Amino acid sequence: MKYDPNIILRCDSLVKSFGEPATLAIRDVSLTMGKGEFVSLTGRSGSGKSTLLYMLSGLDIPSSGKVYLEGKDLFQMESKETHRFRNRNIGFVFQFHYLLPELSAIENILMPARKIGEEGKKRDYARSLLKDFGLEHCKDKYPSQMSGGEQQRAAIARALIMDPGLIFADEPTGNLDTANGDKTMEIFKKRNKENGTTILYVTHDPEYAALADRRINMVDGQIESDQRQNSGKKKSLT
Ligand SMILES: Nc1ncnc2c1ncn2[C@@H]1O[C@H](COP(=O)(O)OP(=O)(O)OP(=O)(O)O)[C@@H](O)[C@H]1O
Ligand SMILES: [Mg+2]
């Protein structure tokens with residue numbers, strides 16, 4: 001298929017099975033994400049949201065089907081090349097932040113840059129992210145010395161450090177109180193508006209799902225609905 005520069009990500013007929021006998025976690029999912037889209041992904045526990053996100057981001061391999069990032073087949077590249085390409089183009093925010101406990105906030109944020117030898121180049125940017133996210137006082141703190149909301153914001157800053165065009169977030173507000181959850185969604189929305197970053201986030205919260213321009217719902221490993229919505233009746237963040 002021809003490469004369309006307005007499409008950042010496309011997947012065709014993704015299937016993922018686990019175990020013996022095989023159970024299907026993802027059954028034939030095809031989807032296209034345009035540049036700059038702000039998309040929510042909902043569905044009951046076990047419906048396949050995390051599994052889908054892992055495959056779309058190249059963190060896990062599908063049983064069959066394809067994923068194209070900027071027109072490039074994510075699973076056709078040599079692993080080192082895939083790693084580098086992914087590192088530059090995709091940011092991933094996990095439900096549990098997975099900051100490295102032995103690194104300070106700023107070192108955690110700089111980790112993706114360090115992996116490709118660009119730590120020095122990104123240091124000023126890391127400082128500005130700390131400032132934007134109200135984390136200046138946490139710069140040299142270890143994760144165990146930070147609150148849950150601070151840790152989650154540091155994890156988001158880490159996902160942003162390479163300025164990826166695409167961010168996947170797996171229940172980024174799942175473990176946060178309302179104020180911190182709202183703040184997290186605000187950061188994503190602002191990034192989407194100002195930088196045109198494409199964002200796909202999983203949420204169980206109907207109000208956060210309603211903030212999206214496009215809502216995808218999964219049932220039993222398949223996309224049950226995929227709707228664009230106007231910006232009319234959205235929750236205003238505190
Ligand atoms: N590594 C694995 N081995 C076996 N089965 C798995 C594995 N990972 C996921 N599954 C199964 O695949 C299905 C989809 O799981 P997934 O984690 O994608 O769901 P989810 O929609 O993210 O759920 P939740 O909302 O609880 O996070 C579930 O039935 C799950 O048990
Ligand atoms: Mg999940």
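Is any residue of segment 108-123 close enough, with backbone N under 11 Å, to a label point placed 7 angstrom from the Cα of ARG84 along the Cα-Cβ axis, and if so, which? Flagged as within label range: 116-117. Helix 148-160 and the longest principal axis of the C-alpha atoms of the chain enclose an angle of approximately 70°.
Is there a pair in LYS49/LYS80; LYS35/LYS66; LYS80/LYS189; LYS35/LYS115; LYS49/LYS139 whose C-alpha atoms are over 30 Å apart, and which pairs would that be? Beyond 30 Å between Cα atoms: LYS80/LYS189; LYS49/LYS139. Here the Karplus curve 6.51 cos²θ - 1.76 cosθ + 1.60, taken at θ = phi - 60°, turns the phi angles of segment 89-97 into couplings of 9, 10, x, 10, 10, 8, 4, 9, 4 Hz, with x standing for Gly and Pro. What do you get for the angle between helix 178-195 and the principal long axis of the chain? Use alpha-carbon atoms, 0 to 90 degrees, nearest ten. Taking the Cα atoms of the chain, the angle to 178-195 is about 80 degrees.
If R0 is 30 Å, the Cβ-Cβ spacing of GLN95 and TYR3 corresponds to a FRET efficiency of close to 0.40. Modelled spin-label separation between TYR142 and PHE18, with each label point placed 7 Å from Cα along the Cα-to-Cβ direction: 3.2 nm.
Highest mean first, the peptides 138-147, 9-18 sorted by other C-beta atoms within 10 Å per residue fall in the order 9-18, 138-147. How high is the relative contact order of the chain? Use alpha-carbon pairs under 8 Å, at least six apart in sequence, and give a whole percent. Computed value for the chain: 27 percent relative contact order. Spread over its residues, the convex hull of the C-alpha atoms of the chain is 136 Å³ per residue. Each principal axis of the Cα cloud of segment 116-238 was evaluated for its coordinate range; sorted largest first, these ranges are 44, 30, 30 Å.
Here the Karplus curve 6.51 cos²θ - 1.76 cosθ + 1.60, taken at θ = phi - 60°, turns the phi angles of segment 128-140 into couplings of 5, 5, 4, 5, 4, 9, x, 10, 4, 6, 9, 2, 9 Hz, with x standing for Gly and Pro. In the context of the full set of protein chains, residues of segment 5-118 present 48 Å² of accessible surface per residue (probe radius 1.4 Å, heavy atoms only).
Give the longest segment of the chain that steers clear of GluC sites (Glu not before Pro) in DSSP loops with at most 11 neighbouring Cβ atoms within 10 Å, not counting the sites themselves. It works out to 103-238. Maximal additional length on extending the GLN229-ASP60 stretch stands at 57.8 nm, based on 0.36 nm per residue less the C-alpha distance. Across ARG191, ARG44, the residue with the most accessible area heads the list, and the full order at a 1.4 Å probe is ARG44, ARG191.
The values are calculated or read from the model by the stated rules, or taken from the named source; none is laboratory data. Note that the coordinates shown come from a computational prediction; the quantities given were computed from them, not determined experimentally. Backbone-built Cβ (ideal geometry, glycine too); neighbour counts: all protein chains shown. These area figures cover heavy atoms from the full protein model, side chains too; ligands, DNA and RNA do not enter into them. Shrake-Rupley method; radii C 1.70, N 1.55, O 1.52, S 1.80 Å.
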